[in-house]
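The values are calculated or read from the model by the stated rules, or taken from the named source; none is laboratory data. What you are looking at is a predicted structure, and each value in this text was computed from that prediction instead of being measured. We place every Cβ from the backbone using ideal geometry, glycine too, and count neighbours over all the protein chains shown.
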Amino acid sequence: MLGFRKNKFRFVILIISIVLQLSILKAELFFKPFNVSYDHRALIIDGNRRMLISAGFHYPRATPEMWPDLIAKIKEGGADVVQSYAFWNGHEPVRGQYNFEGRYDIVKFVKLVGMSGLYFHLRIGPYVCAEWNFGGFPVWLRDIPGIEFRTDNKPFKEEMQRFVEKMVNLMRQELLFSWQGGPIILLQIENEYGNIESSYGQSGKDYAMWAASMAYGLGAGVPWVMCKQTDAPEYILDACNGYYCDGFKPNSYNKPTLWTEEWNGWYTSWGERVPHRPAEDIAFAVARFFQRGGSYQNYYMYFGGTNFGRTAGGPFYITSYDYDAPLDEYGLLSQPKWGHLKDLHAALKLCEPALVAVDDSPQYIKLGPKQEAHVYRTEIVCSAFLANIDEHNTASVRFLGRVYSLPPWSVSILPNCSDVAYNTAKVRTQISVKTQEFGSPSSYMTEPRILQVEEVVPTISKTWMTLEDPVGAWSENNFTVQGILEHLNVTKDTSDYLWLITRIQISEEEMSFLEANEDSFTPTLIIESMRDVVQIFLNGQFAGSAVGRWVRVVQPLHFVQGYNELAILSETVGLQNYGAFLEKDGAGFRGQIKLTGLKTEEIDLSTSLWTYQVGLKGEFMKVYSPDQHKFANWVHLSPDKLPSMLTWYKVPHPTIMVTGIRQLTCHI
């Protein structure tokens, strides 16, 4: 018995030893613990000034399976840091119920970044903008009594502080801060608040100072940033966002020059052109930033990814968040952008010893009317940047006894103050052209081309199947009240769709009048103000639609004698993600809804009884799901039948099942 107890004791000791080793391994998995501070020149990492290149990458915009490959490509591209927001509405979809799984497993994501040897910049916000639904705010936040977003408002500040503390404590608990051996070197509170602060008067100023103080008081142990916040207090770093930030200076001499968002592309809206920014211009902007004293620069975005589900903001932002980034939506290298910037980063790293050694401003030399040099020189090292800011003409300049040819709008980087290692206008990376066969899900090229469309005889695959979604109320989970309710107050953002159904009686006398005066009287539905999309059905038949942001809708209707069912489908296409007073924007309808053009006086439908039904039936049945689509009553697509406006389609694929609904995009 004694031997058993000794063996049991040894076993317990072994278990404790393994647990301690795992804890130590967990703490030392990424780096030896180090401190992060700063001076007027740069961030100081473990006692050394650093020039840092950062890559914007939002973890929920890629699947976890994609994360390791994307992080590896970021590192190969020459970045030192990965930057991401934290997405409040993804992490707390229901108040008090947190989600840190799947695409929202931020802990796993940060650890993968650390395992790769890269640092991490976590922008907690919690307002993020980011072309993300409702700017990252959970919709339930609107329902808190007395709340006003992003101002000196007690209910909002309590909720905001609770989430920020949650994120900081989670990172601390997982040993992810630099002083714990983790990769996190920077945090951010709020986001571009300086753009709207004046909208709130003194309350805005008070809120900004409260946010800074609250964040700093959490004791995270790494510096905090407030971007586009010129009144940031001394203990918070202020930073620039924009296409060019070489002229930016922080609001204190004691702070380094940071660029938290270098807009190397832009987002895309439905029906609009896809933006493109040349690699040469991006490289020029970044080189000029470091030339003129910058020390930390982040690409927004280095990888843009996809707005999965209903995460796209708006209104009217598409599901792709490709952003014309160095890594495209699918994680493929977008050339020549990725390669040209990789070469830039390599040249900047060669200059880093000189850039961090010069304590004050570099030596400035005027080389011509629109040409200049900035020289970083000590007794040991020397690096120089030669810039030609003339957009149209090549310039020949003399620098330190040598002649250099500078293309228009370019910067030449001389790591040894003599030899040109890189010029921003000279692309040495081959352009990539990505093509797919006709009929595949997507096809594009990295360079603008004239679209060549071959004449194709339309065919309908015998494998296509359809499912019509019912018009109006489709479940027992509906309700009837008098008046028009605000869209989000009903849906709680569980769906983009909300049905409003009412009945209108046309008497025999009224019908006779309309038939006799059809040339001069047309019954018309008028909605004073609507956003984003409305579909109007009368007696189950599609009557018309409208698209816009708080626009007036005028829709003629053709009634029959007796009772007519008017069904209006209100649709949101991404909630507003930018601007002041987001909680007041709302969705659906504003003002009066009325009928005109009748013999009797106009009818105010705003006071009528309306039945409300949230969502589409197919949506709630999840007919788009690989697991659920088989439970719906699909029928084969008939080439002779005119499809309903609310029709789901599916077609078998060797490896996946493709489903979708003919609903929004056909009208936008």
For SER320, only one of the following conditions fails: (1) of a type in the set (Gly, Ala, Ser); (2) crowded, with 22+ Cβ neighbours inside 10 Å; (3) in contact with an Asp or Glu (Cβ under 8 Å, 6 or more places away or on another chain). What is its number? (2)
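Yes/no matrix, rows are residues, columns are (1) closer than 29 Å to ILE318 by Cβ; (2) assigned to a loop (DSSP other than H, G, I, E, B); (3) not basic (Lys, Arg):
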residue: PHE100; (1), (2), (3): yes, yes, yes
residue: ARG103; (1), (2), (3): yes, no, no
residue: LYS108; (1), (2), (3): yes, no, no
residue: LEU112; (1), (2), (3): yes, no, yes
residue: HIS121; (1), (2), (3): yes, no, yes
residue: ILE124; (1), (2), (3): yes, no, yes
residue: TYR127; (1), (2), (3): yes, yes, yes
residue: ALA130; (1), (2), (3): yes, yes, yes
Exactly one of ALA86, ALA79, ALA130 is within 26 Å of SER198 (Cβ to Cβ) and surrounded by 23 or more Cβ atoms within 10 Å (Cβ to Cβ), and that one is ALA130
Residue among GLY293, GLY247 that alone is in contact (Cβ under 8 Å) with a residue 60 or more places away in the chain and part of a loop (DSSP other than H, G, I, E, B): GLY293
Is there any pair with a first residue in the stretch 526-555 that is outside any strand (DSSP E or B) and a second that is crowded, with 20+ Cβ neighbours inside 10 Å whose Cβ atoms are under 7 Å apart and which are 6 or more apart or on different chains, and what are they? GLY540/VAL471
Take the residues of the stretch 206-222 that are of a type in the set (Ser, Thr, Tyr) and surrounded by 15 or more Cβ atoms within 10 Å (Cβ to Cβ): which is nearest to LEU237 (Cα to Cα)? TYR216
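Okay, residues lined up against (1) out of contact with any Lys or Arg (no Cβ under 7 Å at 6 or more places or on another chain); (2) surrounded by 12 or more Cβ atoms within 10 Å (Cβ to Cβ); (3) modelled with pLDDT under 70:
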site: ASN423; (1), (2), (3): yes, yes, no
site: VAL427; (1), (2), (3): yes, yes, no
site: GLN430; (1), (2), (3): yes, no, no
site: PHE438; (1), (2), (3): yes, no, yes
site: GLU454; (1), (2), (3): yes, no, yes
site: PRO458; (1), (2), (3): yes, no, yes
site: MET465; (1), (2), (3): no, yes, no
site: ASP469; (1), (2), (3): no, yes, no
site: PHE479; (1), (2), (3): yes, yes, no
Any idea which of GLY271, GLY242 is at pLDDT below 95 and over 30 Å from LYS166 (Cβ atoms)? GLY271
Filter result for the condition that a residue is aliphatic (A, V, I, L, M), at pLDDT 95 or above, within 34 Å of the chain's Cα centre (by Cα) and part of a loop (DSSP other than H, G, I, E, B), over ALA567, ALA580: ALA580
Kindly provide the set of residues from the stretch 60-84 that are touching a residue at least 60 places away in the same chain (Cβ under 8 Å), of a type outside the set (Val, Ile, Thr) and part of a helix (DSSP H, G or I), ordered by number. PRO60, ARG61, ASP69, LEU70, LYS73, GLU76
Can you run down the residue pairs with Cβ atoms below 8 Å, 6 or more apart or on separate chains, where the first is in the stretch 221-235 and of a type outside the set (A, V, I, L, M, F, W, C) and the partner is at pLDDT below 95 and part of a loop (DSSP other than H, G, I, E, B)? none
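So how many residues does the stretch 492-525 have that are of a type in the set (Lys, Arg) and assigned to a loop (DSSP other than H, G, I, E, B)?
Adding up the residues that qualify gives 1.
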Failed condition for GLU486, given (1) crowded, with 17+ Cβ neighbours inside 10 Å; (2) on the phi < 0 side of the Ramachandran plot; (3) within 33 Å of the chain's Cα centre (by Cα): (1)
Pick from the stretch 639-650, criterion touching a residue at least 24 places away in the same chain (Cβ under 8 Å) and farther than 20 Å from GLY544 by Cα, ranking: surrounded by the fewest Cβ atoms within 10 Å (Cβ to Cβ): PRO639
Please state which of the following conditions PHE620 fails to meet, knowing it meets all the rest: (1) of a type in the set (Phe, Trp, Tyr); (2) under 29 Å from ARG142 (Cβ atoms); (3) part of a loop (DSSP other than H, G, I, E, B). (3)
Set VAL139, VAL94, VAL107, VAL164: member being of a type in the set (Val, Ile, Thr), touching a residue at least 40 places away in the same chain (Cβ under 8 Å) and in contact with a strand residue (DSSP E or B) (Cβ under 9 Å, 6 or more places away or on another chain): VAL164
